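Remarks on the structure that follows.
The values are calculated or read from the model by the stated rules, or taken from the named source; none is laboratory data. Everything numeric in this text was worked out from a predicted model, so none of it was measured. Every residue, glycine as well, gets a Cβ built from its backbone with ideal geometry; the counts of neighbours run over all protein chains shown.
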Amino acid sequence: MKWLIKIKLIWLFFYISFLNYGCTQNNNSSKKIFSYNETAGIATLDPAFAKNQSIMWAVHQLYNTLVEVDSNLQIVPSLAKSWSISEDKRTYTFYLRNNIFFHDNQAFKNGKGRKMNANDIVYSFQRIINKKTASSGAWIFNNKVDTIEPYKAINDTTFQLKLLQPFHPILGILSMQYCSIVPKEVVEKFGKDFRNNPCGTGPFKFFMWQEGQALVLHKNESYWEKDLDGTPLPKIDAIKVSFFDNKATEFLQFRQGKLSFINDIDASFKDEVLTKNGLLRKNWQNKIKLNKHAYLNTEYLGILMDENNELVKSSPLKIKAIRKAINYAINKEQLMLYMRNSIGFAANNGFIPYGLPANKLQDKFFEYNPQKAKKILDSIQYNYTTIPITLLTIPVYADVASFITKQCELVGIKMQVEVIQKSLLLEQTAKSKAMFFRGSWIADYPDEENYFAVFYSKNPAPPNYTRFNNKTYDKLYEQALQETNDSARLNLYKALDNIIKEELPIIPIWYDMIIHLVNNNVQNFTPNSLNLLELRRVVIE
């Protein structure tokens, strides 16, 4: 058995070496291979555990969902070619394509992938909510689907989903990677090892994964989808993922042409590549491409609001006037220019980021006004000599936190930064042990409800890290969940936004931006607001 393992490792070494050669810009190979790096690694290839970006990116290549989100954040068909909604908005009927097959796998008869059917949808969704699966995505259907028969296969090509009550964002939820469709035979054959023996219907199929070294996916020659001109998808032959955990090494690999692109720019070399206005510096122009796009992510300062918590009782932040003064003290435009090289947009409107309709309805409120901040503090006779307010943050945002605290000190608010590891900050915010903290909220699906849920009092932490509790807010939120008229729902969203502006459980800092550095030989590779890695139509020249 040992000799077999050695042979596999030797084969992996030569295969990766071949891929490294084939992915350079001076590519003489006929194979078209897209390469990228995951500094955080990939924990699993099982979509039931697709809780972070690195997993979602890989899962998206291997699987399909019933519906998906297009570049305009619209819900469009995928495995389901169409659907209908009952008059009471509680029953969704999906009509499936009849020409989709799972990848070949030894769990199937003769090793050949079988045709997908409605029972696979039922199985995949039941698996998510099954406690034995322990899926990190079990929450997506909580208190939303019917408790008796939520999922039903009417026939091979018709699937039905029943809700407890109308829930407009349900199609967005179904587009999440958690809802990828998996075959029962393969899952049950491999059990827990399904994580590294994935099988879906997606544009790429699993080939090899040496954890910590490389993941290789091959083109699915039998993929069902075609481009607008009728040509088969995908258009590249393979995907190779490396796992260099150092951003400097990743950047060096990109400069050498060994990576097709890099996602985001590390602070240590952003000034080398970008001007303060967020453009490529002259020495990089024509060598690489810069892709930018609004990202459904809001960066903010969170404030614990539970009046029964001892931290709140002893904190100056329990006073609304001080929270308002902090808001007006921060020059977000200046922060974006000097600290972020204009990667993102100052969050002067509210919690909803650019890209969602409700953002345009939000009135400007969070603008820089140090004189107003000082007047507010004078009106409550704020004492600068009091114990400093501590802002918790993680290392990568330490410089941003320092900028914020210095701005607050200019108007008379004594503040200090405490830098802790991300895992500890997540633990403290989840347990309501963080009074004042840097946070971010990335959309799970493209609907404003996903952001307003952050302040619904019946939600735990996450998402309600601030423990905000407001009866009027809760009532409006519940009303918005059941509202089927788009205009009426947007009006409710605006009312919810106004409550957040009045009570200030958070102070938005910036609306994020996706930024990709892309090699010139990569074509048809564009970012989207969910920052989902889309490679079906990518061409490598």
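Taking the condition of being within 22 Å of the chain's Cα centre (by Cα) and surrounded by fewer than 17 Cβ atoms within 10 Å (Cβ to Cβ), how many residues in segment 245-263 meet it? Going through segment 245-263 one residue at a time, the tally reaches 2. Among all positions in segment 358-369, there is no residue which is in contact with a Cys (Cβ under 8 Å, 6 or more places away or on another chain) and either modelled with pLDDT of 95 or more or in a loop (DSSP other than H, G, I, E, B) (or both).
Matching residues to (1) among the acidic types (Asp, Glu); (2) within 22 Å of residue 503 (Cα to Cα); (3) touching a His at 6+ places or on another chain (Cβ under 9 Å); (4) at pLDDT 95 or above:
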| residue | (1), (2), (3), (4) |
| --- | --- |
| 375 | no, yes, no, yes |
| 387 | no, no, no, no |
| 393 | no, no, no, yes |
| 405 | no, yes, no, yes |
| 422 | no, no, no, no |
| 433 | no, yes, no, yes |
| 443 | no, no, no, no |
| 466 | no, yes, no, yes |
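Mind checking whether some residue in segment 180-197 is in a loop (DSSP other than H, G, I, E, B) and surrounded by fewer than 20 Cβ atoms within 10 Å (Cβ to Cβ)?
Yes.
For segment 233-273, the set of residues classified as among the aromatic types (Phe, Trp, Tyr), in contact (Cβ under 8 Å) with a residue 60 or more places away in the chain and touching a helix residue (DSSP H, G or I) at 6+ places or on another chain (Cβ under 9 Å) consists of 244, 261, listed by residue number. Taking the conditions exactly as written (of a type outside the set (S, T, N, Q), assigned by TED's automatic domain parsing to the domain that holds residue 240 and buried (at least 22 other Cβ atoms within 10 Å of the Cβ)), does residue 527 satisfy them or not? So residue 527 passes the test. Just one of the numbered conditions (1) in contact (Cβ under 8 Å) with a residue 60 or more places away in the chain; (2) buried (at least 18 other Cβ atoms within 10 Å of the Cβ) is not true of residue 162: (2). Filtering segment 451-500 to residues that are farther than 19 Å from residue 163 by Cβ, hydroxyl-bearing (Ser, Thr, Tyr) and outside any helix (DSSP H, G or I) leaves 457, 465, 466.
When we screen 410, 425, 377 for residues that are touching a Leu at 6+ places or on another chain (Cβ under 9 Å) and of a type outside the set (Lys, Arg), the only hit is 425. Within segment 522-541, the only residue that satisfies the criterion of being within 20 Å of residue 353 (Cβ to Cβ), of a type in the set (A, V, I, L, M) and touching a strand residue (DSSP E or B) at 6+ places or on another chain (Cβ under 7 Å) is 530.
For segment 382-399, indicate whether the set of residues that are part of a loop (DSSP other than H, G, I, E, B), farther than 19 Å from residue 267 by Cβ and in contact with a Phe, Trp or Tyr (Cβ under 8 Å, 6 or more places away or on another chain) is non-empty. No; the residues of segment 382-399 include none that is part of a loop (DSSP other than H, G, I, E, B), farther than 19 Å from residue 267 by Cβ and in contact with a Phe, Trp or Tyr (Cβ under 8 Å, 6 or more places away or on another chain). Screening residue 184 with (1) without any contact (Cβ under 8 Å) to a residue 60 or more places away in the chain; (2) in the same structural domain as residue 99 (by TED's automatic domain parsing); (3) over 25 Å from residue 70 (Cα atoms); (4) of a type outside the set (Asp, Glu) gives one miss only, at (1).
The rows are residues; the columns are (1) assigned by TED's automatic domain parsing to the domain that holds residue 446; (2) touching a residue at least 24 places away in the same chain (Cβ under 8 Å); (3) under 18 Å from the mean Cα position of the chain (by Cα); (4) under 30 Å from residue 431 (Cα atoms).
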{"residue": "275", "(1), (2), (3), (4)": "no, yes, no, no"}
{"residue": "278", "(1), (2), (3), (4)": "no, yes, no, no"}
{"residue": "283", "(1), (2), (3), (4)": "no, no, no, no"}
{"residue": "288", "(1), (2), (3), (4)": "no, yes, no, no"}
{"residue": "305", "(1), (2), (3), (4)": "yes, yes, no, yes"}
{"residue": "308", "(1), (2), (3), (4)": "yes, no, no, yes"}
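Listed here are the residues, each with its yes/no results for (1) in the same structural domain as residue 49 (by TED's automatic domain parsing); (2) out of contact with any Gly (no Cβ under 6 Å at 6 or more places or on another chain); (3) assigned to a loop (DSSP other than H, G, I, E, B).
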| site | (1), (2), (3) |
| --- | --- |
| 94 | no, yes, no |
| 99 | no, yes, yes |
| 103 | no, no, yes |
| 119 | no, yes, no |
| 122 | no, yes, no |
| 127 | no, yes, no |
| 133 | no, yes, yes |
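Filtered by the rule that a residue be buried (at least 16 other Cβ atoms within 10 Å of the Cβ) and hydroxyl-bearing (Ser, Thr, Tyr), segment 289-318 gives 295, 298, 300, 315. For segment 457-490, the candidate set comprises residues that are more than 27 Å from residue 431 (Cβ to Cβ) and touching a residue at least 60 places away in the same chain (Cβ under 8 Å); within that set, the residue that is surrounded by the most Cβ atoms within 10 Å (Cβ to Cβ) is 489. The condition of being modelled with pLDDT of 95 or more, within 29 Å of the chain's Cα centre (by Cα), surrounded by fewer than 21 Cβ atoms within 10 Å (Cβ to Cβ) and over 19 Å from residue 434 (Cα atoms) holds for only one of 341, 331, that being 331. Counting only strands (runs of 3 or more DSSP E) that fall entirely inside segment 205-299 and contain at least 2 residues that are under 30 Å from residue 333 (Cβ atoms), the qualifying elements are 261-263.
Name the residues in segment 344-371 that are within 20 Å of the chain's Cα centre (by Cα) and surrounded by fewer than 17 Cβ atoms within 10 Å (Cβ to Cβ), would you? Scanning segment 344-371 gives a single hit, 357.
For residue 454, the criteria (1) modelled with pLDDT of 95 or more; (2) surrounded by fewer than 19 Cβ atoms within 10 Å (Cβ to Cβ) hold in every case but one, which is (2).
Just the residues that are assigned to a loop (DSSP other than H, G, I, E, B) and within 23 Å of the chain's Cα centre (by Cα), please, taken from segment 432-450.
Matches in segment 432-450: 443, 444, 445, 446, 447, 448.
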